[in-house]
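Student: Next up is a structure, given as structure tokens.
The values are calculated or read from the model by the stated rules, or taken from the named source; none is laboratory data. This one's a predicted model, so the numbers in the text were calculated from it and none came from an experiment. Here Cβ is always computed from backbone atoms with ideal geometry, including for glycine, and neighbour counts include all displayed protein chains.
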Amino acid sequence: MDIVKFRYKIYKIVMSNDGVLEFHGFYLEEKNKSIRFDIIIDYSLKNREEIYNKVLNDVKREYPDYTINIKVDIDI
């Protein structure tokens, strides 16, 4: 698997969501079928949890065999 293409595909999925400002800290553990990354969601938005859940579900839909772990960072 090409890790660069894999990461870019997830980046495109994540950043297609309104309110997501940044995507970073990407880790793929192919052996354990695990994907981890951090996102920053615009702190001024009231529906931050809804945005988080949409990002999570979008990535899960594309990679159903993987465990997805997303950490929401704070934009300071």
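Student: Quick check, is Asp58 in contact with a helix residue (DSSP H, G or I) (Cβ under 6 Å, 6 or more places away or on another chain) and at pLDDT 95 or above?
Tutor: On the way: in contact with a helix residue (DSSP H, G or I) (Cβ under 6 Å, 6 or more places away or on another chain): yes; at pLDDT 95 or above: yes.
The answer is yes for Asp58.
Student: Here is a follow-up. Quickly run through segment 1-23 and pick out the residues that are at pLDDT below 95, part of a loop (DSSP other than H, G, I, E, B) and not aliphatic (A, V, I, L, M).
Tutor: Once the filter is applied, which keeps residues that are at pLDDT below 95, part of a loop (DSSP other than H, G, I, E, B) and not aliphatic (A, V, I, L, M), segment 1-23 yields only Asp2.
Student: Going through segment 24-35 one residue at a time, which ones are in a strand (DSSP E or B) and over 16 Å from Asn57 (Cα atoms)?
Tutor: Residues of segment 24-35 that are in a strand (DSSP E or B), as a first pass: 24-29, 34-35.
Within segment 24-35, His24, Gly25, Phe26, Tyr27, Leu28, Glu29 qualify.
Student: Of all residues in segment 49-76 being closer than 13 Å to Ile10 by Cα and of a type in the set (Asp, Glu), which is nearest to the chain's Cα centre (by Cα)?
Tutor: Asp58
Student: Can you report the number of residues in segment 41-55 which are assigned to a helix (DSSP H, G or I) and either touching a residue at least 12 places away in the same chain (Cβ under 8 Å) or surrounded by 16 or more Cβ atoms within 10 Å (Cβ to Cβ) (or both)? Before the answer, list the steps.
Tutor: Step one: list which residues in segment 41-55 are assigned to a helix (DSSP H, G or I), which gives 48-55.
In the following step, the residues that additionally are either touching a residue at least 12 places away in the same chain (Cβ under 8 Å) or surrounded by 16 or more Cβ atoms within 10 Å (Cβ to Cβ) (or both) were identified as 48, 51-52, 54-55.
Residues in segment 41-55 being assigned to a helix (DSSP H, G or I) and either touching a residue at least 12 places away in the same chain (Cβ under 8 Å) or surrounded by 16 or more Cβ atoms within 10 Å (Cβ to Cβ) (or both): 5 in total.
Student: Further, regarding this structure: What single numbered condition from (1) part of a loop (DSSP other than H, G, I, E, B); (2) in contact with a Lys or Arg (Cβ under 8 Å, 6 or more places away or on another chain); (3) charged (D, E, K, R) fails to hold for Asp75?
Tutor: (2)
Student: Continuing with the same structure: Given the criterion assigned to a loop (DSSP other than H, G, I, E, B) and either among the acidic types (Asp, Glu) or surrounded by 16 or more Cβ atoms within 10 Å (Cβ to Cβ) (or both), identify the matching residue among Asp58, Asp65, Asp38.
Tutor: Details: Asp58 fails: assigned to a loop (DSSP other than H, G, I, E, B); Asp38 fails: assigned to a loop (DSSP other than H, G, I, E, B).
Every option except Asp65 fails the conditions.
Student: Step by step: first the residues of segment 1-48, then only those that are among the acidic types (Asp, Glu) and within 16 Å of Ile68 (Cα to Cα), then the one that is nearest to the chain's Cα centre (by Cα). Which residue is that?
Tutor: Quick first cut of segment 1-48, residues among the acidic types (Asp, Glu) only: 2, 18, 22, 29-30, 38, 42.
Checking which are within 16 Å of Ile68 (Cα to Cα) leaves us with 29-30, 38.
Values: Glu29: 15, Glu30: 16, Asp38: 7 Å.
The extreme case among them is Asp38.
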